[in-house]
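The values are calculated or read from the model by the stated rules, or taken from the named source; none is laboratory data. Being a predicted model, the structure only gives us computed values, none of them experimental. So basically every Cβ, Gly included, is an ideal-geometry build from the backbone, and we count neighbours across all protein chains shown.
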Amino acid sequence: MRSPARCRVACSAVSRWPVRSMLITLWQRRRATVLFVTHDLREALSLADRVCFLSASPGRIVLEHRVELPRPRDPQSAEIGKLYEELLSCHPGLLAGLDGAAQDAA
């Protein structure tokens, strides 16, 4: 995307699926690099090739995970569910930003 500052989109629960669909279509057509920020881990795993988890202020990457599942991906699929559970079982504080082991490694 040429002008990231002009391409920011905030999504409500109602607008999330149409925006997700547009993002997938854009990626399929242009293979553009997209920085997508979400608090929904299943959504991140279904859209991304790489998921980065950030610490609280100051924001630093505390864990990076490559997603190597074939596309298209359904956020509710068994594969996404398994990956979701694996990440949380290995790093239980991830979603709360409390994973000390990942922070120590960074």
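Would you confirm, using the coordinates I've provided, whether ARG29 is touching a Phe, Trp or Tyr at 6+ places or on another chain (Cβ under 9 Å) and either part of a helix (DSSP H, G or I) or modelled with pLDDT of 85 or more (or both)? When the stated conditions are applied, ARG29 does not pass them. Pull up segment 59-106, narrow it to residues that are more than 27 Å from THR25 (Cβ to Cβ), touching a strand residue (DSSP E or B) at 6+ places or on another chain (Cβ under 6 Å) and modelled with pLDDT of 85 or more, then point me to the one that is surrounded by the fewest Cβ atoms within 10 Å (Cβ to Cβ). The selected residue is ILE61.
Just name the residue that is farthest from ILE80 (Cα to Cα) out of those in segment 24-36 that are without any contact (Cβ under 8 Å) to a residue 24 or more places away in the chain and exposed (fewer than 10 other Cβ atoms within 10 Å of the Cβ).
Here is the first cut: in segment 24-36, the ones without any contact (Cβ under 8 Å) to a residue 24 or more places away in the chain are 25-31, 36.
Checking which are exposed (fewer than 10 other Cβ atoms within 10 Å of the Cβ) leaves us with 29, 31.
Working: ARG29: 24, ARG31: 22 Å.
Checked segment 24-36; the qualifying residue farthest from ILE80 (Cα to Cα) is ARG29.
Please go through segment 46-75 and pick out each residue that is under 15 Å from VAL34 (Cβ atoms), in a loop (DSSP other than H, G, I, E, B) and not charged (D, E, K, R). Once the filter is applied, which keeps residues that are under 15 Å from VAL34 (Cβ atoms), in a loop (DSSP other than H, G, I, E, B) and not charged (D, E, K, R), segment 46-75 yields ALA48, VAL67.
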